[in-house]
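Structure first, commentary second.
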Amino acid sequence: MSRRTGTIRLRRSLPGVVAAAVVGLLFLAPVVWMIAASFKPEAEIHRDVASLRGFIPTPATLDNYAAVPQRTNLATVLANTFLVVAAIALGGILINGPAAYAFARMRFPGRDVLFLLLVVSIILPLEVIVIPLFMTVAGFSGAVDLVGDRIFALGALSVPFMAKAFNIFLLRQYFLSLPRSLEEAAFLDGAGWWRVFWRIALPNAVPAVVTVVLLDFVVHWNDFLWPLVVCTGQDTRTVQLALGNFFTEPPISWGAILAYATLATAPVMLVFAFGQRWIVQSVAGTGVKG
């Protein structure tokens, strides 16, 4: 490619690059301001909000971060949230993976109708099912005496969300994109459906599996409504529920709120930054096969 051709392509792509950069800055500006303000003294947080000086923490201080452990049990909150997210992700692979593979490869009566109902259920928001879901969980409240309040709460936060219609749909579409020749060779060697799924299909669907795990991490790390319904004690709080308590338990300190919000946001940003290439691969490989 000649230098002239490269210059022409650069000029043609420049408006798109500039537009993407502007949109990216618009989305990043609140996050950058939050991080910068978390290092400011309380009296300086709301100064120069409308100017670029609002994004510069001068003078910088760590007092807001030092105040966070005094306002909430940060270690317990983070441990609870990580346990819930890990349980949902692991349980989701064990449940959604085989279900998606069955919809993609097996033929059984009512398969298409059942899959259609599954896809329709994706549009249902949590607010629609939160009451019947709570009544279902309350029916198992007798288990509290056996496992304790914290274990029961963590189970109530994770078990109802292990099976997900969207995850089954996404994995099913990815399984459809895999070449059948790999599975047929395994069948000729005497392998059954279960072995083919674990040894052939699932290892070749790593981008889709990582994608659903990342999406589960983001969704349930930021979940507020269901923990608000289920969690009753301080030792069962999750990240977002603890953040809500910063606004209801005096004194209201914006510095501590922003510092805690920064700490709560950091794991999501790091996980998404390292896993975004898997999301791109899964979307590129999924297609729109029926």
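The values are calculated or read from the model by the stated rules, or taken from the named source; none is laboratory data. Computed from a predicted structure; not experimentally measured. Using ideal geometry, Cβ is built from the backbone for each residue, glycine included, and neighbour counts are taken over all protein chains shown.
In this structure, does A60 turn out to be over 30 Å from F175 (Cβ atoms), outside any helix (DSSP H, G or I) and of a type in the set (A, V, I, L, M)?
Answer is yes for this residue.
For segment 219-242, what are the residues that are surrounded by fewer than 19 Cβ atoms within 10 Å (Cβ to Cβ) and either under 17 Å from A79 (Cβ atoms) or within 19 Å of the chain's Cα centre (by Cα) (or both)?
Passing the criteria: V219, N222, F224, L225, L228, G233, Q234, D235.
Just to verify a result, which residue in segment 34-56, among those that are of a type in the set (V, I, T) and in a loop (DSSP other than H, G, I, E, B), is modelled with the lowest pLDDT?
Only one residue tops the list, namely V49.
Restricting to helices (runs of 4 or more DSSP H) lying wholly in segment 104-197: which have 1 or more residues that are within 18 Å of D216 (Cα to Cα)?
Once the helices (runs of 4 or more DSSP H) in segment 104-197 are filtered for at least 1 residues that are within 18 Å of D216 (Cα to Cα), what remains is 111-120, 126-138, 149-158, 165-177.
From the list V84, V31, which one is more than 30 Å from T232 (Cβ to Cβ), assigned to a helix (DSSP H, G or I) and at pLDDT 85 or above?
V31
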